[in-house]
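A.B. asks: To start, I am sharing the structure in question, which I have written as structure tokens.
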Amino acid sequence: MNWGIATSTGCNKISLMQLTYKAIQQITTTLRLDEQDEDLKAFYSKLIVYCTIIESRLISFRETDFSPSSLVNLLSTPLERIFTDTFRRLLVSSWPLELAKLHGRIRSIKNNAAKIEILGIYLEIGSTSDVHDEIAKSLDFCENELRVRYPEDLSHWAFEDLAPQLSISEPTYAVWNAAQSIFKAMVSCMDCPCTPAHDLSARLFMGTYRKPEIQSNDKIDQVDFNMFLSSQQNWQEAIVHTTKEKKVQIVIDEPHGQRPKKECIRTMKVKSLCEPIAKINSKASYRLVFKVTQNQLFKLQSERSGKPIDNSQSAVSLDEFLRNRSGSLTEKTKRILAVILASAVFHLHNTPWLQSTWSSSDILFFRTPSSAIPLRPFIHRPLSSLHQTEEPISNDGTALDSDDIDPDDIDPDDILSHDCPTLVILAIMLLELYFVAPFDILAQRFNINLEPDSQTTAFTRYMDVNYVFKACQKEIPNNSQFYLAVENCLDPKVWQDEEGRKLDEPTLRAKIYKSVVLPLETELSQAYGDVRIEDLDRIAQDIDFGCWGQPLKTRDQQSSTSNANGRVSVSADCPRQCSDVLPLRHQHTDENSRDSRALMDPPSNKRRCSRSPSGVESNGVLSELSSLPDVPSYSRSSYTVGILCALPLELLAVRALFDAKHDSPRYIRGDSNTYALGTLSNHMVVAACLPAGEYGTNAAADSASNMKRTYPNIEFCLLVGIGGGAPTQDNDIRLGDVVVSLPTTKYPGVIQYDLGKEIEGSTFELTGSLHRPPRCLMTAVSSLRSNPDLPSNALQSSLEEVTRRVPESWKARYTHPGQDRDCLLKTTCTSCQTQGACSNREAHVHKRTPRPTNHPEIHYGLIASGNRVLKDACVRDRWARDYGILCFEMEAAGVMNTFPCLVIRGICDYADSHKNKRWQHYAAATAAAYAKLLLGHTAANITDCVRLSMEGEQEGFLVNELEERSFKRQRVSNVMVDTP
């Protein structure tokens, strides 16, 4: 088909296409706002997302003369399916203008049928479902080909690491020596006098072995190992104390300045390990206590176990979880377990505890008497096999002796080119966790045939995992820390020196930490800011791995409450699927029960770790927050306000202000967001955060579209977070102040800009047309600004609540850093601007009158939004002068056309070269405090709140959702029923 653009220049071709896709996106957004049909709304959402992504990519092409005919044809294919024959007859150069006229005609029309009638002459977007599918497939193909064929050049972008500053110290290196010492001690007492001899086995706790109470400058001279020992499959808990000293030192806490007293501790030398195991069999609530001195095992007095197990139930392997209980894994538990497994390799590599053939079948989890399964993995090792060798295993996993065999006689297939086979297995297990599937099933998913288990060798295993990783790596963001960890595990050159020789053991383990463990720790910390790596072992053991990562204390409380009431109740986050017996299900046939069934169905296994939002797990992600009222689950249609944050530290402040926390519904297929639900100022709120490592308008548009699709009754969204301020003589903006987007007669409150254009020509080119905030929010803003009784410290109570509710280790970060740390530098000094250091720096600081209090002030005006970080004071000042900009940020432009929204930004820097993260947490708290204040002045336009009752869960019944879908102007407090 002749599209009539062959005569245009390259730049004009791309401009025409970009403007055309932009116009289609605007028309579709207008259609979606008043659409009642759920299928059509979903179709419109797809169009909005695809057009937004394609249009944003074309902006970068438009700046060059790069426009091959293949690119034009690729972009034209979806348009051929969207446009009717009548529209195709028009000149291509007139497409954007004609589409803009169409958009103008339908904007004031509320009836979608009338809109479709007007558009139907030119566009196919209101026709049959078959046409919708063809259009969606065409756009999907176009977007994918655009990304693959023309990858974006990011070299000219001014990137900034917006993730929280991490303070992760290196772990102790003493565990490896201690593990070796325990091995030798157990080998020395393997003689069993019983007939027949017992087959002794051990299950060693796999952890990070960090001790948060020990400071980095203290000497860590003791390592304690938790394990379970068995002589007849009756597992007995044991703790083994080891020291780096020749003699065991018993340290007793004493007041500062006093010398510790020496106590006589009775010990017994262990000759046969089966004897103490058999003796304590009758004491189920006790555990054995050993110490190791000079590779000899001694028994101390037994003690009561803090975490007893249920010996009547068998342990569950990680392989079994992946095959039969994959729905139990959450993004948070997957990431925590990935760090623990990598830490185990760091600590136990090249020890008999970790063989080169270990697998997910060797990773076991014990059940508690309450049938919970704590996230405490143990590595299973038969002690009889340990008895065969007392020396560490070879790095290469082979038994070939180069002195006895001629190198020419060695088959290359018998030699593993990778010096660390345990890391190859770790890569397999990380991929299994990422895709929540055993390795053999994962290989089948990507059409890769594996060798039978009986024929598998270290060589074939290494080749297999490389093939699988290559096949699935497109589904893992290659800029993620997880991708880096797996890639390093499989790269043999990482584990060799510059001359290709094997690294010595200390250097190798240091490399394991820096190349594998640290990236996984970093991604976990970025995704879940409340999880301290130094405290990970304690946090993990309080999580029920078998039941959606629910805190164990919560389950115990629910269990005791249910028993006290004489009935069985099941938490919405802990469905009956956690049991070994599947419940009977009432077969709903009515349409209104769809959401209820969705809440109870197992989640999709296609969720990916690196796509997980940062820090937004439903239960346990903010486990250290002060408790909120226990509120049951509500249907997705009950939520009417969305809050979107870019960083975990922003979402943490928002969640700390929740009046009540709700249980999150199950994951929705195709939605990569994870949500935090609750009430805020009597509004039903759903909050989400962008995926770790993803920032800017495109990521925000993707998350916002998913939120709107999953929660269809959301009326507006608040973009709450941090931004860079632009102070002027008229606007005395200080760090910690709040800037709220406010429309003017010319602009809708937010201006979308292109920083590349600004740098090149010292002028700005505004790109895109954004929607204005909704009237209900503008009315609330007017109410706040006109309220004479609003105190100057209106945000203070919420700020205090944030600092009270966040974890103890974060409280100082969310408090005001002090006005002495708020420095605004002049733009006249080149050294200050380019180097960040100047010998006469004090002379270049703006002298501003100190404020009488630290209370943040609220400013209303225009906000500039774009995909790039602004770090130039001259540019900032020109924007402020020419456009009246008060703040710069990176997400709003991607959301405002998805659904109505208001931007709220706490000022954390001045958008210059002196950007730092000192003010980020406090600025996030001020933005969250204003959001709560604003919602308190906004009338709630919500649907009936449908509570998901669990009383009938024992029979599999759910309460049907209310059939009424109409909106009712009322407060949440008037529709919530009392907790049963």
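The values are calculated or read from the model by the stated rules, or taken from the named source; none is laboratory data. Because the structure is a prediction, the values reported are computed rather than measured. Don't worry about glycine lacking a Cβ; one is built from the backbone with ideal geometry, like all the others, and counts go over all protein chains shown.
A.B. asks: Just one of the numbered conditions (1) more than 13 Å from residue 486 (Cα to Cα); (2) hydrophobic (A, V, I, L, M, F, W, C); (3) touching a Leu at 6+ places or on another chain (Cβ under 9 Å) is not true of residue 468; which one?
C.D. replies: (1)
A.B. asks: If the Cβ limit is 8 Å and pairs must be 6+ apart or interchain, which residue in segment 90-113 that is free of Cβ contacts under 8 Å to residues at least 40 places away in the same chain pairs with which residue that is acidic (Asp, Glu) and assigned to a helix (DSSP H, G or I)?
C.D. replies: These pairs meet every condition: 90/98.
A.B. asks: Could you tell me which numbered condition residue 164 fails, if it satisfies all but one of (1) modelled with pLDDT under 80; (2) surrounded by 14 or more Cβ atoms within 10 Å (Cβ to Cβ); (3) assigned by TED's automatic domain parsing to the domain that holds residue 40?
C.D. replies: (3)
A.B. asks: Same structure again: All but one of (1) buried (at least 24 other Cβ atoms within 10 Å of the Cβ); (2) over 15 Å from residue 717 (Cβ atoms); (3) at pLDDT 85 or above hold for residue 866; which doesn't?
C.D. replies: (3)
Every residue, every condition in (1) surrounded by fewer than 21 Cβ atoms within 10 Å (Cβ to Cβ); (2) β-branched (Val, Ile, Thr); (3) part of a helix (DSSP H, G or I), yes or no:
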site	(1), (2), (3)
323	yes, no, yes
333	no, yes, yes
341	no, no, yes
347	no, no, yes
370	yes, no, no
379	yes, yes, no
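A.B. asks: For segment 119-139: of the residues being under 18 Å from residue 20 (Cβ atoms) and not small (Gly, Ala, Ser), which is modelled with the lowest pLDDT?
C.D. replies: Taking the candidates together, the pick is 125.
A.B. asks: Quick one: count up the residues across segment 490-505 that are without any contact (Cβ under 8 Å) to a residue 24 or more places away in the chain and within 27 Å of the chain's Cα centre (by Cα).
C.D. replies: 1
A.B. asks: Could you grab me the full set of residues in segment 286-315 that are assigned to a strand (DSSP E or B) and of a type in the set (D, E, K, R)?
C.D. replies: 287, 291, 299, 303, 304, listed by residue number.
A.B. asks: Identify the residue in segment 504-547 that is under 30 Å from residue 313 (Cα atoms) and small (Gly, Ala, Ser) and, among all such residues, is modelled with the lowest pLDDT.
C.D. replies: 546
A.B. asks: Report, by residue number, each residue of segment 344-382 that is more than 26 Å from the chain's Cα centre (by Cα) and more than 28 Å from residue 510 (Cα to Cα).
C.D. replies: The answer is 366, 367, 368, 369, 370, 371, 382.
A.B. asks: Also, I was wondering about something else. What number of residues within segment 684-706 satisfy the criterion of being closer than 23 Å to residue 57 by Cα and out of contact with any Pro (no Cβ under 6 Å at 6 or more places or on another chain)?
C.D. replies: 16
A.B. asks: With modelled with pLDDT of 90 or more and closer than 21 Å to residue 855 by Cβ as the only criterion, which of 719, 735 stands out?
C.D. replies: 735 is the lone residue from the list that is modelled with pLDDT of 90 or more and closer than 21 Å to residue 855 by Cβ.
A.B. asks: For a quick check of your reading: which helices (runs of 4 or more DSSP H) sit entirely within segment 869-941 and have at least 2 residues that are under 31 Å from the mean Cα position of the chain (by Cα) and of a type in the set (A, V, I, L, M, F, W, C)?
C.D. replies: Fully inside segment 869-941 and qualifying: 892-895, 920-936.
A.B. asks: If you go through segment 35-56 one residue at a time, do you hit one that is over 32 Å from the mean Cα position of the chain (by Cα), assigned to a helix (DSSP H, G or I) and at pLDDT below 85?
C.D. replies: no
A.B. asks: Follow-up question, since we're still on this one. Report, ordered by the first and then the second residue, all pairs with beta carbons closer than 6 Å, sequence separation of six or more or different chains, a first member in segment 800-819 that is closer than 11 Å to residue 922 by Cβ, and a second member that is of a type in the set (Ser, Thr, Tyr) and assigned to a loop (DSSP other than H, G, I, E, B).
C.D. replies: 803/815
A.B. asks: Another question about this same structure. Which residue pairs have Cβ atoms closer than 7 Å, lie 6 or more positions apart in sequence or on different chains, and pair a first residue in segment 353-369 that is of a type in the set (Gly, Ala, Ser) with a second residue that is assigned to a strand (DSSP E or B)?
C.D. replies: Listed pairs, sorted by first residue: 360/317; 361/317.
A.B. asks: When the residues of segment 468-489 are filtered to those that are over 22 Å from residue 692 (Cα atoms) and touching a residue at least 24 places away in the same chain (Cβ under 8 Å), which remaining residue is surrounded by the most Cβ atoms within 10 Å (Cβ to Cβ)?
C.D. replies: Of everything passing the filter in segment 468-489, 468 is surrounded by the most Cβ atoms within 10 Å (Cβ to Cβ).
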